[in-house]
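The next block holds one structure in the form of structure tokens; read it before the comments.
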Amino acid sequence: MRELNDLQKRALERGLDAFDVAQRARRNRRAVTRVLMVALTLGAGITISRGFRAPARRLPEYVQVISEDSQLAAELSLANACERFERTEGRLVVVECSLPRDGSPGW
């Protein structure tokens, strides 16, 4: 087999060194690409999951929240006394009420 002279040995070493540098750079780019892909996937997943959440809606001003049992009983008694309801522009309107049979006003 043929022996390499000094000039050929130096050229071979430079080529091997350049190959090692290129290989390291390629590995580093692959690692960075993987990390970025994971980060982008997580970011997209978080963004999409937030988009599917329903925004908190405020109740319309005409809605009254009943917080006590006594108030609920009074409203149910009033509803029982009312005979006719109508919808007007999305609102429920009591048209006709009568006193409950026991004579109490119901509210």
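Do the conditions hold for residue 90, that is, is it modelled with pLDDT of 80 or more and not acidic (Asp, Glu)? Write out each step before concluding.
Numbers: modelled with pLDDT of 80 or more: no; not acidic (Asp, Glu): yes.
So residue 90 fails the test.
Pull out all pairs, ordered by first then second residue, where Cβ-Cβ is under 8 Å, the residues are six or more apart or on different chains, the first lies in the range 12-35 and is surrounded by 10 or more Cβ atoms within 10 Å (Cβ to Cβ), and the second is modelled with pLDDT under 95.
12/4
What do you reckon, is residue 42 under 19 Å from the mean Cα position of the chain (by Cα) and either loosely packed, with under 10 Cβ neighbours inside 10 Å or free of Cβ contacts under 8 Å to residues at least 12 places away in the same chain (or both)? Walk me through it before giving the result.
Working: under 19 Å from the mean Cα position of the chain (by Cα): yes; either loosely packed, with under 10 Cβ neighbours inside 10 Å or free of Cβ contacts under 8 Å to residues at least 12 places away in the same chain (or both): yes.
Judged against the criteria, residue 42 is a match.
So residue 84 clears everything in (1) at pLDDT 70 or above; (2) not in a loop (DSSP other than H, G, I, E, B) except one condition, right? Which one?
(1)
The values are calculated or read from the model by the stated rules, or taken from the named source; none is laboratory data. This one's a predicted model, so the numbers in the text were calculated from it and none came from an experiment. Methodologically, a virtual Cβ is constructed for each residue, glycine included, from the backbone with ideal geometry; neighbour enumeration extends over all protein chains shown.
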